[in-house]
Amino acid sequence: MRVDINTDMGEAFGRWSICDDEALLPYVSSANVACGAHAGDPMVMDRIASACARLGVRIGAHPGFPDLQGFGRREMKMSPAEVEAFIMYQIGALRVFAEHHGQALTHVKPHGALYNMAAGDLDMARAVARGVARSSRKGEDLILVGLAGSLMIDAAKELGIPCASEGFCDRGYTKDGTLAKRGTPGALITEPREVAERAVQMVTRGKVRALDGSQLSMRVDTICIHSDTPGALEIAASVKRALEAAGVEITGVREVIGIGRS
């Protein structure tokens, strides 16, 4: 068994910071780096790309809605063409920093409201997938990371681009397999042992308990740990230890889905 552990990071900008990103990197195999729309700025992108290169962590783009005030977690009305173009714009912004530090981008994971909307709206999912496809250079095969069982995965397969199914061990699920809305009871899980147990169940059994107590079935290629979850560093360490103790190999998302390393 093998799985990728990813984290959303680089979500500081200017003098504002959420967490110690570099302290979290040793516990993950992939970093989804904010590209300046919902968060992040050029200095932050450069710093995170450098740290990922130094620690051997794969670099992916984390594009979101252009909404700094709402941290990209508010829905915006954008046409599919606008979404596609904004995806491309943000991927391009991060790529130059990754390449300067000798790294290739491996994947793209939408952020926040864009992620959730694309998970349940086929037009949005297709727009995201097209943005990834148009941004992928020959031989690069950028991977679209999307919610397991969602329309984003369907759209990637329809377009013929690589995709990876994502599970969330620090977030609550509704009975239909979607993430519970932030701010609702059970939407955020912060107890490290519980989060780690959920991660192991997802990877080894393909199961996760929903908020109503039902068991959801899902196959995951990558597990997300949010860097802005309270206690994220302790959670990440606990998840990594638990997965390794369960005999799970932690590696990059490209290796997990079987397309080799960039």
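The numbers here are math on the coordinates, done by the rules we state, and not lab data. Source: prediction; values computed, not measured. Glycine gets a Cβ as well: all are built from the backbone with ideal geometry, and neighbour counts include every protein chain shown.
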Per-q log10 I(q)/I(0), the stretch 190-262, q = 0.13 Å⁻¹ (Debye; single scatterer per alpha-carbon; no solvent): -0.41
CD proxy at 222 nm, helix term only [per DSSP H run n ≥ 4: -39500 (n - 2.57); per residue of the chain; nearest 500]: -12000 deg cm²/dmol
Other-chain or far-sequence residues with amide H under 5 Å of residue 144's (modelled H): 108, 163, 164
Burial order of peptide ranges 87-94, 56-63 (average beta-carbon count within 10 Å, highest first): 56-63, 87-94
Of the trypsin sites (Lys or Arg not before Pro) in the stretch 158-234, those whose Cβ has at most 16 other Cβ within 10 Å and which sit in DSSP loop: 175, 181, 182, 219
Euclidean distance between Cα centres, the stretch 185-262 to the stretch 1-40, Å: 16
Taking the stretch 2-257 and dividing mean pair separation by its residue count, relative contact order in percent (alpha carbons under 8 Å, at least six apart): 21
Global geometry of the stretch 32-114, whether rounded, prolate or oblate, following the gyration tensor of its Cα atoms and the 1.5 cut on a/c: prolate
Modelled label reach - residue 99, point 7 Å along Cα→Cβ, the stretch 52-84 residues with backbone N closer than 14 Å: none
For the chain: rounded, prolate or oblate by the Cα gyration tensor [a/c cutoff 1.5]: rounded
Karplus-derived HN-Hα couplings along the stretch 152-169 (A = 6.51, B = -1.76, C = 1.60, θ = phi - 60°), whole Hz, x at Gly and Pro: 5, 5, 4, 5, 5, 5, 4, 7, x, 10, x, 9, 9, 8, 10, x, 10, 8
Distance in nm between pseudo-label sites at residue 85 and residue 228 (7 Å out along the Cβ direction from Cα): 2.6
Magnitude of the charge dipole, the stretch 139-262, Cβ model with Lys/Arg +1 and Asp/Glu -1, debye to 20: 300
Amide H contacts under 5 Å for residue 8, placed H, 5+ residues apart: 32, 225, 227
Long-range amide H partners of residue 58 with built H, under 5 Å: 30, 31
